[in-house]
Amino acid sequence: MGIIFDIQRFCVNDGPGIRSTIFLKGCPLKCLWCHNPESNLRGRQLYCDWQKCTHCGNCVSACEYGVHQMVNGKHTIQFDKCTVSEACIKVCPNQALGIYGEEKEIDEIVAEVMKDVDFYDSSGGGVTISGGEPMFQFEFVLQLAKSLKEKNFHVCMETSGFAGTKHYEEIAPYIDLFLFDYKATGDELHQELTGVGNALILDNLKMLLSIGKKVILRCPIIPGYNLSEEHLKMIAAISKEGVQSVEIIPYHDMGIGKAKKIGSDLFLKEVRTPEQTDVEEWIEFMKANGGRCITQA
Ligand code: SF4
Ligand code: SF4
(Lines give C-alpha, C1' and ligand atoms only; values in the text may rest on other atoms or scores of the structure.)
(Ligands and ions follow the chains in the order given, each with its own letter.)
Protein backbone atom coordinates (compact mmCIF):
# COMPACT_ATOMS: atom_id res chain seq x y z
CA MET A 1 0.00 0.00 0.00
CA GLY A 2 1.09 3.56 -0.70
CA ILE A 3 -0.44 6.90 0.20
CA ILE A 4 -1.43 8.99 -2.77
CA PHE A 5 -3.39 12.21 -2.91
CA ASP A 6 -4.54 12.29 -6.50
CA ILE A 7 -4.55 10.61 -9.87
CA GLN A 8 -5.04 13.20 -12.60
CA ARG A 9 -6.08 12.07 -16.05
CA PHE A 10 -5.41 13.79 -19.39
CA CYS A 11 -2.32 15.69 -18.21
CA VAL A 12 -0.29 17.34 -20.96
CA ASN A 13 2.46 19.04 -18.94
CA ASP A 14 3.97 16.07 -17.11
CA GLY A 15 5.98 14.49 -19.91
CA PRO A 16 5.27 13.64 -23.56
CA GLY A 17 1.76 13.11 -24.93
CA ILE A 18 -1.38 12.62 -22.89
CA ARG A 19 -0.65 11.16 -19.49
CA SER A 20 -2.12 10.13 -16.16
CA THR A 21 -0.21 11.55 -13.23
CA ILE A 22 -0.12 9.75 -9.90
CA PHE A 23 0.65 12.04 -6.96
CA LEU A 24 2.31 10.38 -3.96
CA LYS A 25 2.24 11.95 -0.54
CA GLY A 26 5.32 12.93 1.47
CA CYS A 27 8.38 15.03 0.71
CA PRO A 28 11.64 15.65 2.60
CA LEU A 29 11.95 19.17 1.15
CA LYS A 30 10.11 22.29 2.23
CA CYS A 31 10.34 24.60 -0.78
CA LEU A 32 9.04 28.04 0.06
CA TRP A 33 7.18 28.19 -3.29
CA CYS A 34 5.72 24.64 -3.20
CA HIS A 35 2.66 24.45 -5.45
CA ASN A 36 1.48 21.15 -3.93
CA PRO A 37 1.72 21.83 -0.17
CA GLU A 38 -0.90 19.15 0.47
CA SER A 39 1.71 16.64 -0.66
CA ASN A 40 4.28 17.48 1.99
CA LEU A 41 3.12 15.30 4.89
CA ARG A 42 3.32 11.60 4.24
CA GLY A 43 0.14 10.75 6.14
CA ARG A 44 -3.52 11.52 5.56
CA GLN A 45 -4.55 15.00 6.68
CA LEU A 46 -7.61 17.20 7.12
CA TYR A 47 -8.30 20.17 4.87
CA CYS A 48 -10.89 22.91 4.91
CA ASP A 49 -12.04 24.70 1.78
CA TRP A 50 -12.56 28.05 3.46
CA GLN A 51 -14.55 29.44 0.55
CA LYS A 52 -17.25 26.85 1.21
CA CYS A 53 -17.32 27.26 4.99
CA THR A 54 -20.32 29.23 6.25
CA HIS A 55 -19.12 29.13 9.89
CA CYS A 56 -22.18 27.15 11.00
CA GLY A 57 -20.24 25.48 13.84
CA ASN A 58 -21.49 21.91 13.24
CA CYS A 59 -17.93 20.57 13.15
CA VAL A 60 -17.13 22.05 16.58
CA SER A 61 -19.48 19.73 18.45
CA ALA A 62 -18.71 16.74 16.21
CA CYS A 63 -14.99 16.70 17.01
CA GLU A 64 -14.04 15.18 20.36
CA TYR A 65 -10.46 16.44 20.06
CA GLY A 66 -11.23 20.16 20.10
CA VAL A 67 -9.75 20.71 16.65
CA HIS A 68 -12.54 23.02 15.51
CA GLN A 69 -13.47 26.15 17.41
CA MET A 70 -15.68 29.17 16.88
CA VAL A 71 -13.86 32.40 17.70
CA ASN A 72 -16.00 35.55 17.49
CA GLY A 73 -18.41 33.73 15.19
CA LYS A 74 -15.61 32.54 12.95
CA HIS A 75 -14.63 28.91 12.44
CA THR A 76 -10.97 28.16 13.20
CA ILE A 77 -9.02 24.89 13.10
CA GLN A 78 -6.06 23.62 15.12
CA PHE A 79 -4.80 21.24 12.47
CA ASP A 80 -2.00 19.81 14.61
CA LYS A 81 -4.53 18.28 17.02
CA CYS A 82 -6.42 16.38 14.32
CA THR A 83 -6.42 12.57 14.48
CA VAL A 84 -8.13 12.24 11.08
CA SER A 85 -11.14 10.50 12.61
CA GLU A 86 -13.34 12.19 9.98
CA ALA A 87 -16.32 12.80 12.32
CA CYS A 88 -16.42 16.49 11.40
CA ILE A 89 -16.52 15.80 7.68
CA LYS A 90 -19.81 13.94 7.99
CA VAL A 91 -21.64 16.85 9.63
CA CYS A 92 -20.49 19.68 7.37
CA PRO A 93 -23.47 20.82 5.31
CA ASN A 94 -21.25 22.38 2.63
CA GLN A 95 -18.64 19.65 1.99
CA ALA A 96 -16.03 22.16 3.10
CA LEU A 97 -14.02 19.52 4.97
CA GLY A 98 -12.14 16.59 3.52
CA ILE A 99 -9.01 14.49 3.70
CA TYR A 100 -5.92 14.67 1.52
CA GLY A 101 -4.37 11.26 1.11
CA GLU A 102 -5.67 7.78 0.51
CA GLU A 103 -4.08 4.38 0.92
CA LYS A 104 -4.06 2.48 -2.35
CA GLU A 105 -2.87 -0.89 -3.60
CA ILE A 106 -0.68 -0.91 -6.68
CA ASP A 107 -3.26 -3.01 -8.56
CA GLU A 108 -5.93 -0.35 -7.93
CA ILE A 109 -3.68 2.38 -9.32
CA VAL A 110 -2.72 0.34 -12.36
CA ALA A 111 -6.39 -0.44 -13.05
CA GLU A 112 -7.19 3.28 -12.84
CA VAL A 113 -4.49 4.37 -15.29
CA MET A 114 -5.37 1.51 -17.67
CA LYS A 115 -8.62 3.33 -18.43
CA ASP A 116 -6.81 5.79 -20.71
CA VAL A 117 -4.46 3.42 -22.47
CA ASP A 118 -5.89 4.34 -25.90
CA PHE A 119 -5.04 8.00 -25.32
CA TYR A 120 -1.49 7.17 -24.28
CA ASP A 121 -1.01 5.01 -27.37
CA SER A 122 -2.39 7.58 -29.81
CA SER A 123 -0.49 10.54 -28.32
CA GLY A 124 2.83 8.98 -27.34
CA GLY A 125 1.94 9.51 -23.69
CA GLY A 126 1.89 7.31 -20.63
CA VAL A 127 2.00 7.55 -16.86
CA THR A 128 3.88 10.03 -14.68
CA ILE A 129 4.69 9.38 -11.03
CA SER A 130 4.82 12.62 -9.08
CA GLY A 131 4.36 14.00 -5.59
CA GLY A 132 5.45 15.21 -3.13
CA GLU A 133 8.69 13.41 -3.67
CA PRO A 134 7.76 9.95 -4.99
CA MET A 135 11.07 8.47 -3.79
CA PHE A 136 9.96 9.24 -0.22
CA GLN A 137 7.81 6.06 -0.40
CA PHE A 138 10.61 4.14 -2.04
CA GLU A 139 9.51 0.50 -1.68
CA PHE A 140 6.05 1.38 -2.91
CA VAL A 141 7.20 3.52 -5.83
CA LEU A 142 9.67 0.86 -6.93
CA GLN A 143 6.93 -1.77 -7.11
CA LEU A 144 4.59 0.71 -8.79
CA ALA A 145 7.15 1.58 -11.48
CA LYS A 146 7.83 -2.15 -12.07
CA SER A 147 4.10 -2.86 -12.43
CA LEU A 148 3.64 0.03 -14.88
CA LYS A 149 6.57 -1.16 -17.00
CA GLU A 150 5.16 -4.70 -17.00
CA LYS A 151 2.10 -3.19 -18.71
CA ASN A 152 4.40 -1.46 -21.19
CA PHE A 153 3.53 2.08 -20.18
CA HIS A 154 5.94 4.92 -20.89
CA VAL A 155 6.81 5.95 -17.32
CA CYS A 156 8.04 9.37 -16.20
CA MET A 157 9.03 10.34 -12.70
CA GLU A 158 8.97 13.90 -11.38
CA THR A 159 11.59 14.14 -8.67
CA SER A 160 13.47 16.64 -6.55
CA GLY A 161 16.52 14.41 -6.87
CA PHE A 162 16.74 14.17 -3.10
CA ALA A 163 16.92 10.46 -2.21
CA GLY A 164 19.65 7.87 -1.85
CA THR A 165 21.73 7.34 -4.99
CA LYS A 166 21.36 3.57 -4.60
CA HIS A 167 17.58 4.00 -4.71
CA TYR A 168 17.80 5.94 -7.98
CA GLU A 169 20.07 3.22 -9.41
CA GLU A 170 17.52 0.59 -8.40
CA ILE A 171 14.50 2.32 -9.90
CA ALA A 172 16.18 3.72 -13.02
CA PRO A 173 15.53 0.64 -15.24
CA TYR A 174 11.79 1.15 -14.78
CA ILE A 175 11.68 4.88 -15.54
CA ASP A 176 11.82 6.07 -19.15
CA LEU A 177 12.20 9.76 -18.41
CA PHE A 178 13.08 11.69 -15.28
CA LEU A 179 11.63 15.19 -14.85
CA PHE A 180 14.36 16.33 -12.50
CA ASP A 181 14.14 19.58 -10.51
CA TYR A 182 16.99 22.02 -10.24
CA LYS A 183 15.95 24.61 -7.69
CA ALA A 184 18.86 26.76 -6.57
CA THR A 185 22.59 27.17 -7.11
CA GLY A 186 24.81 26.87 -4.06
CA ASP A 187 24.39 24.38 -1.25
CA GLU A 188 23.73 27.04 1.37
CA LEU A 189 21.06 28.86 -0.62
CA HIS A 190 19.42 25.55 -1.53
CA GLN A 191 19.31 24.68 2.16
CA GLU A 192 17.74 28.03 2.98
CA LEU A 193 15.04 27.81 0.30
CA THR A 194 14.17 24.12 0.43
CA GLY A 195 15.38 22.81 3.79
CA VAL A 196 18.07 20.56 2.25
CA GLY A 197 21.40 21.07 0.49
CA ASN A 198 21.88 20.23 -3.19
CA ALA A 199 25.10 18.16 -3.21
CA LEU A 200 23.21 14.84 -3.17
CA ILE A 201 20.80 16.13 -5.82
CA LEU A 202 23.65 17.04 -8.18
CA ASP A 203 25.32 13.65 -7.54
CA ASN A 204 22.08 11.88 -8.46
CA LEU A 205 21.66 13.94 -11.61
CA LYS A 206 25.21 13.10 -12.65
CA MET A 207 24.68 9.40 -11.94
CA LEU A 208 21.43 9.22 -13.96
CA LEU A 209 23.08 10.93 -16.93
CA SER A 210 26.17 8.68 -16.65
CA ILE A 211 24.03 5.55 -17.02
CA GLY A 212 22.29 7.03 -20.06
CA LYS A 213 18.92 7.89 -18.54
CA LYS A 214 16.77 10.51 -20.25
CA VAL A 215 16.38 13.59 -18.08
CA ILE A 216 14.45 16.82 -18.54
CA LEU A 217 15.65 19.45 -16.10
CA ARG A 218 12.85 21.50 -14.52
CA CYS A 219 13.76 24.85 -13.02
CA PRO A 220 11.34 26.92 -10.98
CA ILE A 221 12.46 30.55 -11.06
CA ILE A 222 11.37 32.68 -8.14
CA PRO A 223 12.36 36.36 -8.38
CA GLY A 224 13.91 37.55 -5.16
CA TYR A 225 14.78 34.01 -4.05
CA ASN A 226 16.65 31.81 -6.53
CA LEU A 227 16.87 34.19 -9.49
CA SER A 228 20.45 35.33 -10.09
CA GLU A 229 22.89 35.47 -12.99
CA GLU A 230 24.91 32.74 -11.26
CA HIS A 231 21.87 30.43 -11.17
CA LEU A 232 20.89 31.08 -14.80
CA LYS A 233 24.49 30.44 -15.89
CA MET A 234 24.52 27.17 -13.94
CA ILE A 235 21.29 26.06 -15.65
CA ALA A 236 22.88 26.92 -19.00
CA ALA A 237 25.94 24.84 -18.05
CA ILE A 238 23.85 21.82 -16.98
CA SER A 239 21.87 22.02 -20.23
CA LYS A 240 25.09 21.00 -22.04
CA GLU A 241 25.74 17.99 -19.79
CA GLY A 242 23.47 15.48 -21.51
CA VAL A 243 19.96 16.43 -20.40
CA GLN A 244 17.28 16.20 -23.09
CA SER A 245 16.06 19.74 -22.47
CA VAL A 246 15.43 22.34 -19.78
CA GLU A 247 12.02 23.67 -18.78
CA ILE A 248 11.80 27.01 -17.02
CA ILE A 249 8.87 27.28 -14.60
CA PRO A 250 8.19 30.90 -13.63
CA TYR A 251 6.79 31.41 -10.12
CA HIS A 252 3.02 31.24 -9.74
CA ASP A 253 0.98 31.50 -6.57
CA MET A 254 -1.20 28.40 -7.03
CA GLY A 255 0.11 26.87 -3.82
CA ILE A 256 -1.10 29.65 -1.54
CA GLY A 257 -4.79 28.72 -1.53
CA LYS A 258 -3.88 25.06 -0.99
CA ALA A 259 -1.53 25.92 1.89
CA LYS A 260 -4.33 27.85 3.62
CA LYS A 261 -6.63 24.84 3.27
CA ILE A 262 -4.27 22.74 5.43
CA GLY A 263 -3.45 25.51 7.88
CA SER A 264 0.11 25.95 6.61
CA ASP A 265 1.77 29.34 6.52
CA LEU A 266 4.68 27.99 4.49
CA PHE A 267 4.23 30.14 1.39
CA LEU A 268 5.78 33.26 -0.05
CA LYS A 269 3.87 36.41 0.73
CA GLU A 270 5.48 39.04 -1.46
CA VAL A 271 6.62 37.68 -4.78
CA ARG A 272 5.91 39.43 -8.04
CA THR A 273 4.56 36.95 -10.57
CA PRO A 274 7.00 37.21 -13.50
CA GLU A 275 5.83 38.69 -16.80
CA GLN A 276 6.24 36.80 -20.06
CA THR A 277 8.98 39.27 -21.02
CA ASP A 278 10.93 38.36 -17.85
CA VAL A 279 10.89 34.68 -18.79
CA GLU A 280 12.00 35.47 -22.33
CA GLU A 281 14.87 37.57 -20.97
CA TRP A 282 16.03 34.75 -18.67
CA ILE A 283 15.97 32.26 -21.53
CA GLU A 284 17.86 34.65 -23.83
CA PHE A 285 20.46 35.17 -21.10
CA MET A 286 20.93 31.42 -20.67
CA LYS A 287 21.23 30.90 -24.42
CA ALA A 288 23.79 33.71 -24.62
CA ASN A 289 25.72 31.76 -21.98
CA GLY A 290 25.77 28.58 -24.07
CA GLY A 291 22.48 27.09 -22.87
CA ARG A 292 20.70 24.65 -25.21
CA CYS A 293 17.14 23.34 -25.54
CA ILE A 294 15.77 25.73 -22.91
CA THR A 295 12.08 26.59 -23.10
CA GLN A 296 9.30 27.75 -20.81
CA ALA A 297 7.32 24.86 -19.31
S1 SF4 B 1 -11.02 14.52 11.46
FE2 SF4 B 1 -11.64 13.86 13.54
S3 SF4 B 1 -10.02 14.65 14.85
FE4 SF4 B 1 -9.81 15.72 12.88
S5 SF4 B 1 -11.00 17.53 13.18
FE6 SF4 B 1 -12.38 16.06 12.25
S7 SF4 B 1 -13.43 15.10 13.97
FE8 SF4 B 1 -11.66 16.16 14.82
S1 SF4 C 1 -19.34 22.31 9.52
FE2 SF4 C 1 -18.50 22.99 7.56
S3 SF4 C 1 -19.50 24.94 7.13
FE4 SF4 C 1 -19.82 24.49 9.30
S5 SF4 C 1 -18.13 25.55 10.34
FE6 SF4 C 1 -17.47 23.45 9.99
S7 SF4 C 1 -16.40 23.55 8.03
FE8 SF4 C 1 -17.58 25.41 8.18
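The values are calculated or read from the model by the stated rules, or taken from the named source; none is laboratory data. Note that the structure is a prediction, hence the values are computed from the model and not measured. Note that each Cβ is placed from the backbone with ideal geometry, even for glycine, and that neighbours are counted across all protein chains shown. What goes into the accessible areas is simple: the full protein's heavy atoms, side chains included, and nothing from ligands, DNA or RNA. Shrake-Rupley method; radii C 1.70, N 1.55, O 1.52, S 1.80 Å.
Things to note:
- Pairwise Cα distances in the stretch 45-100 exceed 13 Å in 52 percent of cases.
- In sequence order, calculated HN-Hα J values of the stretch 68-82 (Karplus, 6.51, -1.76, 1.60; Hz; x Gly/Pro): 9, 9, 9, 10, 6, x, 10, 6, 10, 10, 9, 4, 5, 8, 5
- The stretch 158-166 - phi-based ³J(HN,Hα) in whole Hz, Karplus 6.51/-1.76/1.60, Gly and Pro as x: 8, 9, 7, x, 9, 7, x, 4, 4
- Of the listed residues Met234, Met157, the order by accessible area with a 1.4 Å probe, largest first, is Met234, Met157.
- The sum of -39500 (n - 2.57) across all DSSP H runs of n ≥ 4, divided by the residue count of the chain, sets its helix-only mean residue ellipticity at 222 nm to -9000 deg cm²/dmol.
- Rule-of-thumb Rg ratio for the stretch 165-297 [Cα; 2.2 N^0.38 Å; N residues]: 1.10
- Expected-Rg normalisation [2.2 N^0.38 Å, Cα atoms] applied to the chain: 1.07
- Environment charge of Thr21, counting only residues whose C-beta is closer than 13 Å and scoring Lys/Arg +1, Asp/Glu -1: -3
- For Lys25, the amide hydrogen comes within under 5 Å of the amide hydrogens of Ile3, Ile4, Phe5, counting only partners 5 or more places away or on other chains and with H modelled in the peptide plane.
- Karplus (6.51, -1.76, 1.60) ³J(HN,Hα), θ = phi - 60°, over the stretch 43-54, in Hz, Gly and Pro reported as x: x, 5, 8, 6, 9, 10, 7, 4, 5, 8, 6, 9
- Choice from Cys63, Cys219, Cys48 showing the highest fluctuation, given a GNM over the chain with Cα pairs closer than 10 Å: Cys63
- Rounded to 5, the percent of DSSP beta bridges in the chain classed as antiparallel: 40 percent
- Stokes-Einstein D in µm²/s, Kirkwood radius over Cα pairs - the stretch 223-297 at 10 °C with 1.306 mPa s viscosity: 116 µm²/s
- The chain: angle of helix 229-238 to the longest principal axis, Cα-based, in degrees nearest 10: 70 degrees
- In this structure the stretch 123-274 gives 41 Å² per residue of accessible area when probed at 1.4 Å with all protein chains present.
- Qualifying trypsin sites (Lys or Arg not before Pro) in the stretch 52-82, where qualification requires a DSSP coil assignment and no more than 13 other C-beta atoms within 10 Å, comprise Lys52.
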